Structures are given as structure tokens and as C-alpha cells.
Amino acid sequence: MFVNCMKTKLDTRITLGKSATVSLGAQIFNYGLVITLSVIWGLAFVAIRRAEFELSPVNLTILRWMIASGGFLVLAPVFGRPKKPIQKRHIPRILLVSFASVVGYHLSLNYAETIVSSGLAGLLISFGPIFIVLLSALFLKEKIGRRLMLALALAVAGAVVLSINADLSFLQVTGPFAVILAAFMYGIFSVASKPLVKEYGALPTAIWVAAIGTVFALPMISWQFFAQVLALSDVGWLSVLYLAVLSTVVANMILYTLISNRAVSRLSVQLYLVPLVSLVGGILLLGESFSEFTVVGACFVFAGIALATHKH
């Protein structure tokens, strides 16, 4: 009996050790995905700014998502089959997520970057995690601390400081507001997609949301679209392909995989690496400038995110 008891204890320790190793490995894998996603999305702000030297916000949205949807549909036979048949009660949610993630988010952001720099857009999009925490608390019942109002105040203060630095006229102030609207749209589709991911799987959700969202964008096609696409330079095409393939197909697959593995609000915390990448990318690749206002505004925004999303 003593031998059997010792064997049982030893087996238990081995099992616990394996579980801890698997858990640590999964955490490292998830952090690696988050860092990769942050770099891809951070540089996407730079690519948007460059592409809009040649494409309007609407035409960039359409071209990007037509290419991206083609990529998703190529993956659909292998990864696109939902784990369960689509339920009728989920159709409104699917349509909402599709519209918010393609038309709502990208039109708002693309319009904003015709006015503000890629670095400023990347910093203001940091409102996304705060909106995610708010929406998660309202609809997913995820717990948040009592410091949320202070977090929102800090983030708004940061946005004001950043906008002062941007030296915008009254009419141009719509640029920063459009970025914040894009951040809100990001919060909507991140939170609303979580039940879909749980029910149907991460990759099928990513694929079909992209395809349906592109259908929402197609009615905006005009003759100007074809003229601008035909006149695109090599650098313009490179920017669009980066946005369509890396920042949309690859990044969305990573995003929905992370959503399936983690609480939405915890995922949002790490994604504020994105504005740092966009700021540095804008400076190095597009020659954008920054000043002490940028530093102060960014500190306010990041402090707000930290208060809103960290429990301790």
C-alpha cells in the first residue's frame, strides 16, 4: 500500500508538472501572437496613410477587403466550416460584427488618416481597449474595477492633448473623432464576436465575417474606384497588399484565435503596443514629427488604458 501511495503521489506530481508546462507554453504562444499582431497592426496605420496618397478612404476600404475576402475564401474549404450549423438567433449578431469590422471600423479610420498622421491615429485608436472593457462589462458580464471613470477621464485628456499637438482647424477636428469612432467599432466587433467564436470556432468566424462585411462595402463602388486602382503605383499596391494580406487575413486569423483563448478584456490590454509601433513607424517610414504634446498625450491615454484594464 505504501508503494502504491507513493506511486500515486508521483503520478500526480508528474501530471501537475505537465499541466503547468502546457499552461506556460500556451501563455508564451499567446503573448507571441499578441506581439506579432501588434506589430502588423501598428504598421498598418503607416500603410493606410501611404495608400491614401493615391486612393480615397472609400476606395481603399473596398480594394483592401475585396483582396482580403479572396484570401479568406481560398482558406474557407479548409478552415471555414463552422463547428455547428448557424443558428437564426445569431444572424443579427453576425451582420453587426461584419458591418462594424469592415465598413464601420475601416471607413472611419481611413477617413481619419486623410487628416491626422498615422502616429496620432495609432495613439487615438487606444480608446479601443477602453471601449472593449465597457462593452464587455455591459454585455459579457466581465468584471472591471471601479477606476473606469478615472481611466476614461485620462484617455479623454490624452486625446485633447494629442489633438492640440495636431494643430487642427475646426473642420479638421473630425479626424480625431473619426479615429475614436473606429475604436468604438473595434470594441463592438471584438465583444460581439466572442459568442460567435465560442459557438462556431475562431477561424470560421473570421472568414465569414470578412466575406459578409465586404458585401456591405460593395455598393459604394464607383467609376472613380476603377480609375484610382488602374493608376496605383508599385508602392501603392505594396501598401494595399500589406493591408489586405498581412493586416487583414493574417491578423484577423490571429485575433480570432486569441479571442477564442482569452477573455476579451485581457486581450485588449496587450494590444496597446499598436500605437507605439504606429508612432515609430510613422516617424521612420513617413518622416512624421512628434513633440512633447505627443509624449504627454500618449502617457495620459496609456494610463487610462492601464487603469481600465488592470485589476491590480
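Per-residue extension of 0.36 nm, minus the Cα-Cα distance of VAL78 and LEU238, leaves a gain of 54.9 nm for this segment. Among 83-92, 178-187, 112-121, the peptide with the highest mean count of other Cβ atoms within 10 Å heads the list, and the full ranking is 112-121, 178-187, 83-92.
For the pair VAL250 and LEU150 in one chain, pulling the backbone fully straight at 0.36 nm per residue adds 32.5 nm over the alpha carbon distance. Listed peptides 233-243, 72-82, 98-108 appear in the order 98-108, 233-243, 72-82 once ranked by packing, highest mean of other Cβ atoms within 10 Å at the front. Segment PHE177..TYR31, full-extension length gain: 49.5 nm, with 0.36 nm per residue of separation and the alpha-carbon distance subtracted. Among 31-39, 205-213, 288-296, the peptide with the highest mean count of other Cβ atoms within 10 Å heads the list, and the full ranking is 205-213, 31-39, 288-296.
We did not get these values from a lab; they are worked out from the coordinates using the rules stated. No experiment lies behind these values; they were computed from the predicted model shown. Methodologically, a virtual Cβ is constructed for each residue, glycine included, from the backbone with ideal geometry; neighbour enumeration extends over all protein chains shown.
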